[in-house]
1. Order by neighbour count: Lys44, Lys25, fewest other Cβ atoms within 10 Å first, most last.
2. Report, in debye and to the nearest 20, how large the dipole of the chain comes out about its Cα centre when Lys and Arg carry +1 and Asp and Glu carry -1 on their Cβ.
3. Treat the count of other C-beta atoms within 10 Å as a stand-in for reagent exposure and order Asp26, Asp14, Asp116, Asp31 from fewest to most.
4. Output the 0 to 90 degree angle, nearest 10, between the alpha-carbon long axis of helix 126-142 and the longest principal axis computed from the alpha carbons of the chain.
5. Measure nothing fancy, just the Cα-based angle from helix 37-55's long axis to the longest principal axis of the chain, in degrees from 0 to 90, nearest 10.
6. Give me Ser120, Ser61 ranked fewest to most by other Cβ atoms within 10 Å of their Cβ, as a rough exposure proxy.
7. Based on the Cβ-Cβ distance from Lys187 to His163, what FRET efficiency comes out when R0 is 25 Å, to the nearest 0.05?
8. Show log10 I(q)/I(0) for the stretch 52-165 at q = 0.13 Å⁻¹, two decimals, from a solvent-free Debye sum over equal Cα scatterers.
Amino acid sequence: MLTIDDDHVYRWEDEVVPGVNEIFKDVGLIDTTYFKPEHAERGKRRHKWIEDFDAGTLDWSEVDEPNYIVGWQEFLADNGMEVQAHELQVYNPDWHYAGTLDVLATDGDGDEWIVDIKTSASSYPWHRLQTTMYGLAYADQSNRPLPRLGTVYLREAKKKQFHFKPIIPYDAYVEDALGVVRAWQYKNGKWAWIE
């Protein structure tokens, strides 16, 4: 069983396993030089608004940046998405890593989607690898095919409140994502995890 503690440490059956973001930071894909705690808190607050909106429990009086909710509404409507779950913790038993995906949704055709929500002003190349790793963990953990994957960028003051980047083609991103995990395993001496 997967657990996560207050320090954001994942464990699978009492064994510590790396999280997706931990892997990216450790291999140098995420530069935290300019990250500030207040940015992380702002992102968490925006994600919580979206989750509460989808649950029908949003207290609009607490929302001081409503365009993020408007952008999320537009994204769901424009793409025919219906949210199935938020903040779903996943574990990849084959590659020994964990993560918490933002949204599991279905589209009008019944296809499953993993949607990663970004509320920052910038887009980084590792975003697609991150979403791919969540998708691989979800598929392996649930014994399902790899769902469709995408990243939605919500913006505060743009004409269009969102920009959606579906991940196509999968194969290249899957190969790259697993290469990142393998690099982390080599770097950290997890030889038993390497087949």
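1. Lys44, Lys25
2. My answer is approximately 760 debye.
3. Asp14, Asp31, Asp26, Asp116
4. With rounding to tens, the tilt is 70 degrees.
5. Around 70 degrees separate the two axes.
6. Final ranking by Cβ density, sparse to dense: Ser61, Ser120.
7. Once the sixth-power term is evaluated, E becomes 0.15.
8. The Debye formula, applied to the Cα set alone, gives -0.51.
Values in this text are rule-based calculations from the coordinates and carry no lab data. Keep in mind that what you see is a predicted model, and the values were worked out from it rather than measured. FYI the Cβ positions are ideal-geometry reconstructions off the backbone, even for glycines, and counts take in every protein chain you see.
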